[in-house]
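Q: First the structure, then my questions, so here it is.
The values are calculated or read from the model by the stated rules, or taken from the named source; none is laboratory data. Everything numeric in this text was worked out from a predicted model, so none of it was measured. Backbone-built Cβ (ideal geometry, glycine too); neighbour counts: all protein chains shown.
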Amino acid sequence: MVAFVDAHRATYGVEPICAVLPIAPSTYYEQKARQADPTRLPARAQREARLRPEIERVWRSHRRVYGAKKIWKQLHRESIPVARCTVARLMRTLGLRGVVRGRRVRTTIPDGLAERPRDLVQRQFHASRPNQLWVADLTYVATWRGFVYVAFVVDVFSRRILGWRAANSLRSDLDRDALEQALYDRDTDADLVHHSDRGGQPRFNRSLQHGVVASIVVGRSVLRQGSAT
């Protein structure tokens, strides 16, 4: 906002611009005075101005892999007292990030050559009644004992979770079990669309098709399977 006033003050003047913008003329002049004399800055701002180059120095000197915790410990070793949360906040403002260890989990590995159902929803996730549109997904949660994979089926109309399953491995039948639980939970006597993504594993679509066949065999619903493009 100060830069905007600087760019137009020669044409309109400071006070008329401040009368339109949500800034007082005294605030503008104080900011300009602080730019000219950094000693007028608040003590916290002055301290953070000294900390920023120190944080970046430690980050660069350690091959740009240190995160907030390690930089915080290194600064304390160098007798530079600072809170860990302050280091993390200043790193965000500087755009600095450390390297995160651990394996990266991919729950969506689509097979471009595999045949999949048509997208019957076209990103229109709306329903005017229950059992009109179900959406399914599979995600994971990191715990102290490892990753837990969760598959769930949600009724778009009520936002209720109809079926879910959790396991410590990404089984190909995890989504099918969640779908079968949803089918047993609801008596679906109308045309129903079940929408999911393109699959968490190469066998994901096959297991969903198994769930569709099972639903028709037990006579509980006429389920049309759709998937995201």
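Q: Only one of these is within 30 Å of A142 (Cβ to Cβ) and not hydrophobic (A, V, I, L, M, F, W, C): T93, T27, T11, T39. Name it.
A: Result: T93 is the single residue among T93, T27, T11, T39 that is within 30 Å of A142 (Cβ to Cβ) and not hydrophobic (A, V, I, L, M, F, W, C).
Q: Could you please find all residues in segment 5-64 being assigned to a loop (DSSP other than H, G, I, E, B), among the small types (G, A, S) and within 38 Å of the chain's Cα centre (by Cα)? Give the steps one after another, and end with the answer.
A: So the first thing to find is which residues in segment 5-64 are assigned to a loop (DSSP other than H, G, I, E, B), and the list is 13, 21-24, 37, 41-42, 62-64.
The next check asks that each one be among the small types (G, A, S); those that pass are 13, 24.
Once the filter is applied, which keeps residues that are assigned to a loop (DSSP other than H, G, I, E, B), among the small types (G, A, S) and within 38 Å of the chain's Cα centre (by Cα), segment 5-64 yields only A24.
Q: Could you tell me which residue of segment 160-185 is farthest from the chain's Cα centre (by Cα), considering only residues that are basic (K, R) and closer than 14 Å to A136 by Cβ? Lay out the reasoning, then the answer.
A: Let us first name the residues in segment 160-185 that are basic (K, R), namely 160, 165, 171, 176.
Still in the list and also closer than 14 Å to A136 by Cβ: 160, 165, 176.
On the way: R160: 22, R165: 22, R176: 26 Å.
If we take residues in segment 160-185 being basic (K, R) and closer than 14 Å to A136 by Cβ, then R176 is farthest from the chain's Cα centre (by Cα).
Q: Report whether or not G219 is within 22 Å of the chain's Cα centre (by Cα) and modelled with pLDDT under 80.
A: no
Q: Same structure, new question: Just to be sure I understand, how many residues within segment 136-163 are small (G, A, S) and in contact with a helix residue (DSSP H, G or I) (Cβ under 8 Å, 6 or more places away or on another chain)?
A: 3
Q: While we're here: Quick one: which residue in R52, R9, R63 is without any contact (Cβ under 8 Å) to a residue 60 or more places away in the chain and at positive phi? Give the steps one after another, and end with the answer.
A: Details: R52 fails: at positive phi; R9 fails: at positive phi.
One residue alone meets the criteria, R63.
Q: Mind checking whether some residue in segment 174-183 is in the same structural domain as G146 (by TED's automatic domain parsing) and at pLDDT below 75?
A: No, because not a single residue in segment 174-183 is in the same structural domain as G146 (by TED's automatic domain parsing) and at pLDDT below 75.
Q: Hey, can you tell me all the residues within segment 65-102 that are in a loop (DSSP other than H, G, I, E, B), charged (D, E, K, R) and surrounded by 12 or more Cβ atoms within 10 Å (Cβ to Cβ)?
A: Within segment 65-102, the subset in a loop (DSSP other than H, G, I, E, B) is 65-67, 78-83, 95-102.
From what's left, charged (D, E, K, R): 78, 97, 101.
Residue satisfying the conditions is R97 alone.
Q: Please pick out the residue among R118, R101, R159 that is modelled with pLDDT of 85 or more, out of contact with any Asp or Glu (no Cβ under 9 Å at 6 or more places or on another chain) and either outside the structural domain of G67 (by TED's automatic domain parsing) or closer than 30 Å to K73 by Cβ (or both).
A: R159
Q: Next question, about the same structure. Tell me, which strands (runs of 3 or more DSSP E) lie completely within segment 137-196 with 1 or more residues that are more than 25 Å from L120 (Cα to Cα)?
A: Details: elements: 146-155, 160-167, 191-196.
Fully inside segment 137-196 and qualifying: 146-155, 160-167.
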